[in-house]
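Accompanying notes for the structure given below.
Please treat every number below as a calculation from the coordinates, not as lab data. Keep in mind that what you see is a predicted model, and the values were worked out from it rather than measured. Ideal geometry is used to build each Cβ from the backbone, glycine not excepted, and the neighbour counts take in all protein chains shown.
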């Protein structure tokens with residue numbers, strides 16, 4: 001049995017000690033810096049904060065938390081002034097804080113919707129961890145609220161900035177694999193502590209699919225470069241005590257794309273560490289293994305090992321997001337709220353397909 | 001585009017030049033030898049004949065063919081006397097031939113049913129290439145006919161004797177992977193010549209599923225050690241000219257097992273060389289890559305590279321089948337007609353699930 005944290009540790013090896021890509025800011029020391037407050041000081045929030053130490057375009061300047069003891073630890077560790085510390089009762093006041101540009105929402109999934117809308121109403125850009133919401137309707141409301149408030153909404157799609165991933169996407173666009181025919185995504189691990197919020201549907205909005213299945217969904221889109229037009233899915237539950245109603249343990253799902261390419265994916269909280277993407281075309285293939293873990297991504301194609309820099313994903317993500325928010329930079333693969341709504345629409349369809357046993361058609 | 005033959009060549013590297021496992025017959029030079037006639041002198045029949053040169057327990061002694069020029073070439077190449085040569089009109093006479101013990105049927109799939117029953121009625125043991133038939137009803141008739149005739153029916157499941165495969169099965173039985181949770185089988189290549197019999201439903205009985213999808217079906221059973229209780233499937237056809245009605249191009253299928261383990265498989269005539277088995281348990285994994293090609297099988301587990309002898313599959317198969325037929329030896333994984341009916345039952349269910357979009361339940 002593995003706790004999520006120990007799984008992450010296994011996957012991350014010594015990522016934080018590895019060199020970070022030289023940032024554009026080295027060349028432009030006066031480039032503007034995105035000043036970020038993190039909402040939710042759990043293990044992933046801590047990982048982002050640590051990674052941001054190496055950022056040149058983004059800086060952690062504030063926190064929003066319901067736990068005063070955590071706030072004090074973070075203040076000391078990251079030099080955060082008291083005036084930039086909020087709790088869940090008063091954080092609408094952030095609208096009067098001119099020293100904070102954006103809030104990164106890293107709370108349990110089911111709390112994202114309300115938090116993102118409140119931050120938007122406070123006039124700050126929002127970065128939201130994925131899944132952005134627990135269904136597409138919520139997601140669209142968040143997109144609409146941010147648009148109405150005139151703020152930008154980005155989602156923590158760290159793989160969209162990962163160099164091995166981007167190299168495969170570049171090769172696919174150049175036709176190195178020929179027409180794409182098949183994608184496989186495997187996303188799974190054996191989850192530990194049964195009391196964690198991820199196994200509480202009121203907080204997680206779902207099980208393995210919300211937590212890690214989303215990587216295979218999102219990956220199937222950026223690896224193939226297509227949007228699915230149909231979905232089928234099969235759910236299996238072997239432990240209904242640990243995985244209560246509303247928490248999916250294992251779901252296999254299949255996607256069909258307009259070109260005729262198909263995807264076959266697995267999302268599970270009940271199998272050995274699974275984190276593999278495989279893209280197969282008529283003239284070649286790419287494998288990413290591991291494909292999405294926090295540590296070094298590795299991969300190969302029919303031409304050999306992928307050569308790409310090892311980066312700390314969250315460092316690169318935050319530097320890139322700073323440039324998106326401050327300068328309108330366009331990422332290779334979108335990371336905005338509409339991108340997240342596409343994933344959530346597919347998640348809705350997968351749950352429906354698993355429940356009904358019927359194929360669910362999607363708009364291309 | 002790849003012809004089946006060039007695909008096979010790619011997969012086989014120099015298998016025929018590699019050393020063959022020392023056979024038990026070395027120790028017992030007087031052990032009885034199975035005297036075999038091959039029916040169908042096409043490319044696979046030729047491969048079997050060549051491999052049998054290295055057999056110590058089986059010997060090629062006869063042929064059944066509709067092409068006299070081929071018969072003459074084989075007679076010369078393998079030293080086959082004229083009295084052991086038959087055509088499709090007269091091969092029932094083989095019942096009077098005391099120098100032939102068994103017939104290996106290597107004709108197009110749809111012809112297996114009638115041929116096997118005729119051979120059985122002639123009182124000879126039958127080895128039939130896979131798929132043994134084009135549906136389970138045919139398969140059961142063949143099993144029944146052989147039983148009624150008092151002859152044995154074996155099926156060309158060469159992987160059931162392959163050392164890397166057997167090593168994974170041994171490890172799984174010993175619990176090396178923990179409880180099995182997931183199997184993936186990928187079976188596919190881009191088929192060439194559109195005029196070949198494999199693309200003619202009257203001869204093949206189906207498309208990629210009959211030809212190579214069956215490897216993933218059979219593999220899901222011997223790798224997990226369980227029989228599936230449900231099947232779902234999704235068919236995709238991108239080229240209805242090359243893949244006419246009755247010839248499946250691409251089918252994804254999923255299997256559920258009594259333990260809660262699931263399998264996710266791909267059968268295709270339209271993707272880059274795919275030949276991979278992946279078995280995942282709670283405590284470890286095994287990968288066979290390539291898993292079923294004619295050449296050297298390679299594999300690894302969570303413990304490292306699999307160490308197992310490289311063999312010519314058809315040589316080992318025929319030596320082992322000789323011992324099964326002549327001495328009642330029990331193989332680790334069954335290779336008899338009932339084993340084939342299990343695969344054909346699953347193929348029937350996959351076709352039904354693909355056609356109806358509904359899950360098909362199977363008896364465990």
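Taking a ≥ b ≥ c as the square roots of the Cα gyration tensor eigenvalues, with a/c under 1.5 meaning rounded and otherwise prolate when a/b beats b/c, else oblate, which class fits the protein assembly as shown? Prolate. In the protein assembly as shown, the DSSP beta bridges split such that about 55 percent are antiparallel, to the nearest 5. Normalised by the number of residues in region B:222-364, the mean separation of alpha-carbon contacts (under 8 Å, six or more apart) gives a relative contact order of 28 percent. Ranked from shortest, the separations from the 7 Å Cα-to-Cβ label point of residue A:79 to its equivalents in the other copies are 8.9 nm.
Using only the Cα atoms of region B:147-287, build the gyration tensor, take square roots of its eigenvalues as a ≥ b ≥ c, and label the shape rounded, prolate or oblate: rounded if a/c is under 1.5, else prolate if a/b is larger than b/c, else oblate. Provide the component values of the computation, followed by the final result.
Numbers: a/c = 2.06, a/b = 1.49, b/c = 1.39.
Judged from the Cα gyration tensor, region B:147-287 comes out prolate (a/c at least 1.5, a/b above b/c).
If you rank A:153, A:303, B:255 by fewest surrounding Cβ atoms within 10 Å, what's the result?
Details: A:153 27, A:303 12, B:255 30.
If I rank by nearby Cβ atoms, fewest first, I get A:303, A:153, B:255.
Overall form of region B:303-358: oblate. Here a/c, set by the Cα gyration tensor axes a ≥ b ≥ c, is 1.5 or more, and a/b is not larger than b/c. In nanometres and ascending order, the distances from the residue B:362 label point to those of the other copies are 2.9 (point 7 Å from Cα along Cα→Cβ).
Adding -39500 (n - 2.57) for every DSSP H run of four residues or longer, then dividing by how many residues the protein assembly as shown holds, sets the calculated 222 nm ellipticity at -9500 deg cm²/dmol.
Top mean-square fluctuation among A:223, A:171, A:39, Gaussian network model of chain A, C-alpha springs under 10 Å? Of A:223, A:171, A:39, the most mobile in the Gaussian network model is A:171. The mean number of partner chain beta-carbon atoms within 10 angstrom of a residue's beta-carbon across peptide A:265-271 is 4. When the Gaussian network model of chain B links Cα atoms closer than 10 Å, the mean-square fluctuations of B:270, B:135, B:218 top out at B:270. Between 0 and 90 degrees, the angle of helix A:337-356 with respect to the longest Cα principal axis of chain A falls at about 50 degrees. DSSP assigns beta bridges within chain A; of those with both partners inside it, close to 55 percent run antiparallel. Chain A versus the axis that turns it onto chain B: the residue with the nearest Cβ and the distance in whole Å amount to A:264, 3. Sorting the segments B:185-192, A:293-300 by their mean number of nearby beta carbons within 10 angstrom, highest to lowest, gives B:185-192, A:293-300. With label points set 7 Å from Cα along Cα→Cβ, the inter-copy distances at residue B:338 are 6.1 nm, sorted shortest first. Treat each spin label as a single point 7 Å out from the Cα along the C-beta direction, and report the residue A:229 to residue B:298 distance in nm. Rounded to a tenth, the inter-label distance reads 3.8 nm.
Cut-off 10 angstrom, C-alpha nodes, Gaussian network model of chain B. Which of B:54, B:31, B:286 fluctuates the most? Looking only at B:54, B:31, B:286, the biggest GNM fluctuation is shown by B:31.
Relative contact order, percent, of chain B when contacts are C-alpha pairs under 8 Å separated by at least 6 residues? Walk me through the intermediate numbers first.
On the way: 786 pairs, mean separation 80.9, N = 364.
That works out to 22 percent.
As a proxy for reagent exposure, B:313, B:113 were ordered by neighbouring Cβ count within 10 angstrom, fewest first; the result is B:113, B:313.
Legend: mean number of C-beta atoms from other chains within 10 angstrom of residue C-beta atoms, peptide B:228-234, equals 3.
What ranking of B:65, A:216, A:264 emerges when the number of other C-beta atoms within 10 Å of each C-beta is taken as an exposure proxy, fewest first? Before the final figure, lay out each step's value.
Values: B:65 21, A:216 30, A:264 25.
Arranged by neighbour count, lowest to highest, B:65, A:216, A:264 become B:65, A:264, A:216.
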